[in-house]
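The block underneath contains the structure these notes are about, expressed in structure tokens.
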Amino acid sequence: MVFDALRSAAAKLDSDIGNGPIVPQVTLEEIRGRLSRYDFATPVSLEEAGADVEQMMRAWHVQVTHPRYFGLFNPSVTFPAVAADTLVALYNPQLATWRTSPAANEIERHTLAWLAGKFGLPANAFANFTTGGAEANLSAVIVALTRAFPEYGEHGLRSLRAAPTIYLSEEAHHSFNKIAHMSGLGRCALRPVATDADLRMDLNHLARRVAEDRGNGLAPFLVVATAGTTGAGVIDPLPDLARFCRSENLWFHVDAAWGGGAILSPRLKDALAGIEAADSITCDAHKWFSLPMGAGMFFCRHPEAAGAAFHAETSYMPPKTAEQVFDQYTHTVQWSRRFIGLKLFLALAQHGESGYAAMIEHQARMGEVLREALQSAGWRIVNRTPLPLVCFTREGLDNKRFLASLYERQIAWMSEVRLAGANPVLRACITSFKTTESDIRWVVGEMEGLLSHAQ
Ligand SMILES: Cc1ncc(COP(=O)(O)O)c(C=O)c1O
């Protein structure tokens, strides 16, 4: 019953957003002026405040669930996930310990174990939900660091004889810069590895950097491969990197924050071959699994390593839950823990694996339609990926002016990106299962009309 009302509200919103503007035209003063009436001294009814906020959200956001939003990977959301988030807010279960929320803990474990199997990880692999990819990447670095240098946990980096270093391509996600800072490794611990002509990590350069660093007394411990770079959707050569890491005794982490969804597609999953050898994987359910934020996932081949990195014991928490189960607060970054996993569980339950495969493959096909349509219209494509992300340019284009006109006319939302230090190009990613071929053809046609203003 609750779901029926929610479903019809969601369907109406979907249609309103699809027929409305994508890009907000608003000033800071307008927003602050509107908010100034909320002094919190005089109560405002929920109906009134809620209606006001909804109006603001409708008019003053980039509408990432619009079928012509081709931006960073913020997806359209599938309804069972919205229903799940509502249920979670209503019950507000605490997942820190197994004993407090046994059903919720087991629903998460069941869902993650299924997905870990899809990635080819062993049955005893550890996994947990995170707020997003950044937290999952943080988990990977802390777990790998603790495993390689057990004294790090008690005595810190200052107790180590050599400075630990991390290897990642120049196209890897910048969450690692913050993580290096926060973990105490320092940003210089990140050793950027050059990319080849297709923006994939260059294995020879990686091998040289690791050897040189070892020769200079540093302590390499982790290689981060990206499966779907943020900028260009490129997948690093996972099987080669896995072999290299095994032979050099380095932790192999795969950041598949958005590309990881491809594992559910029979047509695309081969692009992720090699991921089964990972020591750890980041995959965001709030990207290609079309769930609302925040739903990241961290998978780890070595369950005992997660326990070593995040162990905790205090008298004020309920006693440890014994034997085959574990308490999440003793194995993960978070303490109090929201029931993040319900949205993936309900979405998988409703759509099934085949429904998800269809949704993901539809988006991959739309990526191909976009690539071909742009090429036929005279744009030069600069990236190569099986994922639906197209980076493109043309002679003499002023990106900023072009994008400003695109936004002003509410044609589409796309962005600019700089790849491998070259001149910035345009970037368009299919992030919505609602995007159709006619949306794409219309956008590419309208873009032609804008060229005279931006060249
Ligand atoms: C490859 C990659 N890794 C990590 C992240 C960070 O994920 P989140 O924004 O969920 O923290 C992103 C975000 O776009 C990403 O593309």
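The values are calculated or read from the model by the stated rules, or taken from the named source; none is laboratory data. Model, not experiment: these values are computed from the prediction. Cβ sites come from the backbone with ideal geometry, for glycine too, and all protein chains shown count toward neighbours. Surface accessibility is based on the protein's heavy atoms, side chains included, excluding ligands, DNA and RNA. Shrake-Rupley method; radii C 1.70, N 1.55, O 1.52, S 1.80 Å.
General observations
- The chymotrypsin sites (Phe, Trp or Tyr not before Pro) of the stretch 1-81 that meet both conditions, a loop assignment by DSSP and at most 12 other Cβ atoms within 10 Å of the site Cβ, are 38, 40.
- What the phi angles of the stretch 169-177 give under the Karplus curve with 6.51, -1.76 and 1.60, with θ = phi - 60°, is a coupling list of 6, 5, 9, 5, 6, 6, 4, 5, 5 Hz, glycine and proline written as x.
- Inverse of mean 1/r across different Cα pairs in the stretch 266-328, Kirkwood, Å: 14.8 Å
- Accessible area per residue for the chain is 45 Å², calculated with a 1.4 Å probe on protein heavy atoms, without ligands, DNA or RNA.
- Accessible carbon and sulfur surface of the stretch 138-209 relative to its total accessible area, %, 1.4 Å: 50 percent
- Probe 1.4 Å - accessible area at residue 57, Å² to nearest ten: 100 Å²
- Ordering of 233-239, 365-371 by packing is 233-239, 365-371, highest average first (other Cβ atoms within 10 Å, averaged per residue).
- Sites residue 53 and residue 246, calculated FRET efficiency, Cβ-Cβ separation with R0 51 Å, nearest 0.05: 0.45
- Accessible surface of the stretch 1-135, 1.4 Å probe: 62 percent of it comes from carbon and sulfur atoms.
- Relative contact order %, the stretch 403-452, counting alpha carbon pairs below 8 Å whose residues are six or more apart: 31 percent
- Every helix of 4 or more DSSP H residues in the chain counts as -39500 (n - 2.57), and over all residues that averages to -13500 deg cm²/dmol at 222 nm.
- For residue 194, distant residues with modelled amide H under 5 Å away: 202
- Kirkwood Rh in Å, taken over the stretch 19-178 so that all alpha-carbon pairs contribute: 21.1 Å
- Reported value for the stretch 121-193: 119 Å³ per residue, from the convex hull of its C-alpha atoms.
- Reciprocal of mean inverse Cα separation for the stretch 239-397 (Kirkwood radius, Å): 18.7 Å
- The spread of Cα positions in the stretch 226-314, taken along each principal axis and listed from longest to shortest, comes to 45, 38, 24 Å.
- Amide H contacts of residue 297: 130, 283, 284, 285, each under 5 Å away and 5 or more positions distant or on a separate chain (H built 1.01 Å from N in the peptide plane; Pro and chain starts excluded).
- For the listed peptides 253-261, 345-353, a ranking on the average number of other beta carbons within 10 Å per residue, highest first, reads 253-261, 345-353.
- The Kirkwood radius of the chain, taken over pairs of alpha-carbon atoms, gives through the Stokes-Einstein law at 4 °C and 1.567 mPa s a diffusion coefficient of 55 µm² s⁻¹.
- With 5 Å bins from 0: P(r) over the stretch 159-213, alpha-carbon pairs, percent: 4, 20, 26, 22, 17, 8, 2, 0, 0
- Considering only beta bridges that DSSP places wholly inside the stretch 185-330, some 45 percent are antiparallel.
- Equivalent ellipsoid semi-axes - Cα gyration tensor, the stretch 20-99, angstrom: 28, 24, 11
- The stretch 369-404 and the stretch 89-105: distance between their alpha carbon centers, rounded to Å: 46 Å
- Phi-derived couplings, Karplus 6.51 cos²θ - 1.76 cosθ + 1.60 at θ = phi - 60°, listed residue by residue for the stretch 52-64: 5, 5, 5, 4, 5, 5, 5, 9, 10, 10, 6, 7, 6 Hz, with x used for Gly and Pro.
- Amide H within-cut-off set for residue 219, under 5 Å, with H built and near neighbours excluded: 163, 165
- Highest mean packing first, where packing is the average number of other Cβ atoms within 10 Å per residue, the peptides 215-226, 373-384 line up as 215-226, 373-384.
- Size-normalised alpha-carbon gyration radius of the stretch 364-455, reference 2.2 N^0.38 Å: 1.00
- Phi-based couplings in Hz for the stretch 354-369 (Karplus 6.51, -1.76, 1.60; Gly and Pro marked x): 5, x, 5, 4, 5, 5, 5, 5, 4, 5, 4, 5, 5, x, 5, 4
- Surface share of carbon and sulfur [accessible, 1.4 angstrom probe, percent] for the stretch 245-365: 55 percent
- Separation of the stretch 228-288 and the stretch 421-455, taken as the distance between their Cα centroids, equals 28 angstrom.
- Alpha carbon convex hull of the stretch 135-266, volume per residue in cubic angstrom: 109 Å³
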